[in-house]
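**Student:** Could you have a look at this structure, given as C-alpha cells, before my questions?
Where a number appears in this text, it was derived from the coordinates with a stated rule and is not lab data. Because the structure is a prediction, the values reported are computed rather than measured. Here the Cβ positions follow ideal geometry from the backbone for every residue, glycine too, while neighbour counts run over all protein chains shown.
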Amino acid sequence: MPEPTTETGDDPAAGADGLPPDVALRLTRVSVVRPPATLLDGVDWTVRSGQRWVVLGPNGSGKTTLLRVASLYLHPSSGSVEVLGHRLGRVDVRRLRTRIGLTSPALHDMLRPDITALDVVMSAREAALETWWHTYGPDDRAHAVELLERTGTAALAPRAFGTLSSGERQRVLLARSLWGHPGLVLLDEPTAGLDLGAREDLVARLGHLADDPTTPPTVLVTHHVEEVPPGFTHALLLRRGRVHAAGAIGGVLTAEALSETFGLALSVDRRDGRYAARAVTGRPGPAGGAWTG
C-alpha cells in the first residue's frame, strides 16, 4: 500500500470535531493486513495529554507497525486513526508529521552519515532528512542547539552523524524528536544496540523528560522491561498483533500479564521506579508444560 500523502489539505493547526482536546492519539479497531499475515488486529488505543506509554511485546507482535501507523507513515487496512485532532484520510499528513516527534531504526538508517548532528535536529522542522530543500535561520539553529543541550549532545553539533557512537546518535535523535514543541513523541526502540552504560544514560534522560510536565505525550517501544524509564505512567502489551493488556503501568507490568504476553513464566520486580523480569525455572509456562531454565 502506498504511503499516505496529501488527503484533503485540512490545516493541521486546527482540531477535528468530536475529538477531546486532551487526546493526542486514538486508534479505533485498527488492523493492518499483509496476506497471509495480520500485523495488527483490531487495536483500540488512546494516548492522552500527560501520559507516558511503554509498548512491549515479543518480536513480530506488531510494535513497530503500531508506531508506523501512529506516526502516519502507514495507512491501516481498516479502522480509524486520529492524531492531534485530525483523522487520517482527512488531513495533509506531510504537514501533520511536523507536529510528531519520531525516532526509529528506519529513520536512523535513512540519515546520510556525513550530515551534522545540528542538521539532523534542525531538519525535523520539516520532518525531512536534509536541510537542503528548505531555508533555515539563526533562530532555527539556536533551537537545535538548545535541544542538543537538553540531551547532553550540544558539543556534538558540528560532528558528522556517522562518526558518533550508538549512544550519541540516539541522544541526537531524541533531541530531534523534541523539535518545535511537538504534540506527540514516538520512540521506537531507542535503546536497541546500546551497551549498558549508554542504555542507562538514555533511560535516565528519558526518565527526566517523563517527569517534565512540559514534555508532550510520549510513547516508547521496547523489548525489555529493564528499559522502561521511571516516570512512565501507562503500558500496552501486544501479542500476535492484538492488545493483550493496556492501562496504568502498575496494573499491566505484572508477572501474569507479561508471562502470557511472552509465553514464558516470568517473575517481575520493581525497585526505585525501574522494572526487571526473569524466567522462573521449573514452573509451568502459560501454555502448559514446565519451564526448566
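**Student:** I want to make sure I understand the PRE zone here: with the label point 7 angstrom from the Cα of Asp109 toward its beta carbon, which residues in segment 25-64 have backbone N atoms less than 15 Å away?
**Tutor:** Counting backbone N atoms under 15 Å from the label point, the list is 60, 64.
**Student:** Let me spell out the model: positive unit charges on the Cβ of Lys and Arg, negative unit charges on the Cβ of Asp and Glu, origin at the Cα centre of segment 23-253. What dipole size does that give, in debye rounded to 20?
**Tutor:** Details: 26 positive and 23 negative charges, 184 e Å.
It comes to approximately 880 debye.
**Student:** May I ask for the net charge around Asp139, where only other residues with Cβ less than 14 Å from the Cβ of Asp139 are counted and Lys, Arg are +1 while Asp, Glu are -1?
**Tutor:** Working: positive: Arg125, Arg141; negative: Asp140, Glu146.
Neighbour charge sum, excluding Asp139 itself: 0.
**Student:** For segment 23-253, give the share of DSSP beta bridges that are antiparallel, in percent and rounded to the nearest 5; count only bridges with both residues there.
**Tutor:** 60
**Student:** Give the relative contact order (percent, whole number) for the chain; include only Cα pairs under 8 Å separated by 6+ residues. Show your work: numbers first, answer last.
**Tutor:** On the way: 597 pairs, mean separation 60.3, N = 293.
Reported as a whole number, the value is 21 percent.
**Student:** Could you list which residues have their amide H under 5 Å from that of Leu25, counting only those 5 or more apart in sequence or on another chain, with H placed in the peptide plane?
**Tutor:** Hits under the 5 Å cutoff: Val47, Leu84.
**Student:** Okay, moving on. Quick one: which residues, 5 or more positions from Val280 or on another chain, have an amide H under 5 Å from its amide H? H modelled 1.01 Å from N in the peptide plane, none for Pro or chain starts.
**Tutor:** Hits under the 5 Å cutoff: Ala265, Leu266, Ser267.
**Student:** In addition: Which value in Å is the Kirkwood Rh of segment 86-211 over different Cα pairs? It would help to have the intermediate numbers written out before the result.
**Tutor:** Numbers: mean 1/r = 0.0678 Å⁻¹.
Hydrodynamic radius (Kirkwood, Cα pairs) of segment 86-211 is 14.7 Å.
**Student:** Let me ask you something else. For the chain, rounded, prolate or oblate, judged on the Cα gyration tensor with a ≥ b ≥ c (square roots of eigenvalues), a/c < 1.5 rounded, else prolate if a/b > b/c?
**Tutor:** Working: a/c = 1.86, a/b = 1.29, b/c = 1.45.
Here the chain falls in the oblate category.
**Student:** Right, something else. Quick one: which residues, 5 or more positions from Asp188 or on another chain, have an amide H under 5 Å from its amide H? H modelled 1.01 Å from N in the peptide plane, none for Pro or chain starts.
**Tutor:** Answer set, sorted by chain and number: Thr103, Ser104, Val221.
**Student:** Calculate I(q)/I(0) for segment 72-120 by the Debye formula, one identical point scatterer on each C-alpha and no solvent, and give its log10 at q = 0.24 Å⁻¹ to two decimals.
**Tutor:** After summing over all Cα pairs, the log10 values are -0.97.
**Student:** Take each complete run of DSSP H in the chain, measure how far its Cα atoms stretch along the helix's own axis, and keep only those covering 15 Å or more with mean Kyte-Doolittle hydropathy at least -0.5; list them. Don't jump to the answer; show the numbers that get you there.
**Tutor:** On the way: long enough: 138-150 (18 Å, -0.95); 166-177 (17 Å, -0.74); 196-211 (22 Å, 0.08).
For the chain, where a helix must reach 15 Å along its axis and average at least -0.5, the hits are 196-211.
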